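Down below is the structure, laid out as structure tokens.
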Amino acid sequence: YQIPFTGTLENLRKEFYGEFYQYQEQSVTDLKLIFKKIEPFITQPKFFHTRSSYNIIQVKPEPKKLNLTELQKEFGSLIASTIRFETETLSEYQRNEILDSAIGYYRGNLVIVDTDTTFIYDDDYQELLAFIEFANLQHLELQYFDRLLDQKLNKIYESGGSQSIPLQAYFPFLDNMTDPVATLGKLKVDISVITERLEGSIKIAGDPYYSEFYEQLIKKLEIKVWQDSIERKLDIIKDVLLIYQHKTDVIRENILEVLIVILIFIELVIGILHYVKGA
């Protein structure tokens with residue numbers, strides 16, 4: 001949503017959270033309409049499984065009225081508290097921490113990236129919006145995968161770590177797709193492929209400004225933290241799969257040994273019967 005605002009930064013700070021909450025609610029209504037249209041074309045559709053949002057405050061620079069130094073000095077506290085959804089002035093430590101992370105390319109522009117909001121003091125901001133949109137998409141997808149892995153792993157934990165093996169798993173020539181642990185293995189592959197695509201989908205070569213901006217977004221949205229969490233859970237799944245596979249292999253070997261013994265016994269019985277008839 002793009003919402004025009006005319007007024008002072010003080011008024012913006014007072015109204016910012018209210019506007020944010022209003023459009024959060026509006027987004028649910030709009031998404032329900034979209035969901036109804038695409039639902040017939042989705043396998044196992046679920047509405048509102050998880051969501052992620054991010055805000056941008058873009059201010060048109062007016063260097064003749066206010067230069068960049070004056071903006072930071074006079075309105076730094078207002079900017080810092082606004083992007084944190086606070087109506088009161090933040091402590092000097094918090095204010096300085098937020099403002100010290102500011103970046104810019106030209107002399108008169110300023111970009112402050114924070115956890116929920118980015119403040120942009122620049123006319124040329126469309127490319128920055130594209131980076132923000134993509135980072136927010138990454139954040140959403142990683143949250144979804146992390147939650148999905150939690151649900152799958154909880155089933156294993158609830159069973160006490162002893163996953164029962166279905167009958168068809170004892171025979172390698174039978175279809176094993178109904179096995180829940182095998183499903184975890186497929187899920188591990190799917191998530192690994194998608195996360196690798198996410199990491200390689202943006203290439204910022206030879207542009208330090210956009211690289212720095214994107215790195216700030218990754219840090220503030222804790223993308224790496226979510227990725228590490230998913231990697232740890234995928235490692236747990238890998239261990240579960242190895243234990244499961246070892247258990248299955250042992251059972252198959254035992255079944256094979258029993259079958260060999262049965263075959264030898266049958267051959268022995270047939271041989272004795274032939275000998276008795278011949279005698």
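The values are calculated or read from the model by the stated rules, or taken from the named source; none is laboratory data. Predicted, not measured: the structure shown is a model, and the values here were computed from it. Neighbour counts are summed over all protein chains in view; Cβ atoms, including those assigned to glycine, are modelled from backbone coordinates with ideal geometry. Note: areas computed on protein heavy atoms with side chains; ligands, DNA, RNA excluded. Shrake-Rupley method; radii C 1.70, N 1.55, O 1.52, S 1.80 Å.
Over 20 Å between Cα atoms, which of Lys186/Lys220; Lys186/Lys219; Lys155/Lys186; Lys32/Lys152 qualify?
Violating the 20 Å Cα-Cα cut-off are Lys186/Lys220; Lys186/Lys219; Lys32/Lys152.
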* **Ordering of 264-276, 234-246 by packing [mean C-beta count within 10 Å, highest first]** => 234-246, 264-276
* Could you rank Glu127, Glu196 by how accessible they are, 1.4 Å probe, largest area first? => Glu196, Glu127
* To the nearest 10 Å², what's Thr6's accessible area with a 1.4 Å probe? -> 140 Å²
* Kindly state, to the nearest 0.05, the FRET efficiency for Lys219 paired with Glu133, given R0 = 22 Å and r defined as their beta-carbon distance. => 0.80
* To do: Calculate how large, on average over all directions, the projected area of the Cα convex hull of region 1-47 is; give the answer in nm² to one decimal.
  => 4.1 nm²
* **Label zone at Lys60 (point 7 Å along Cα-to-Cβ), backbone N below 20 Å, region 120-135** => 120-129
* **Nearest-0.05 FRET efficiency for Phe35 and Leu153, computed from C-beta distance (R0 30 Å)** => 0.60
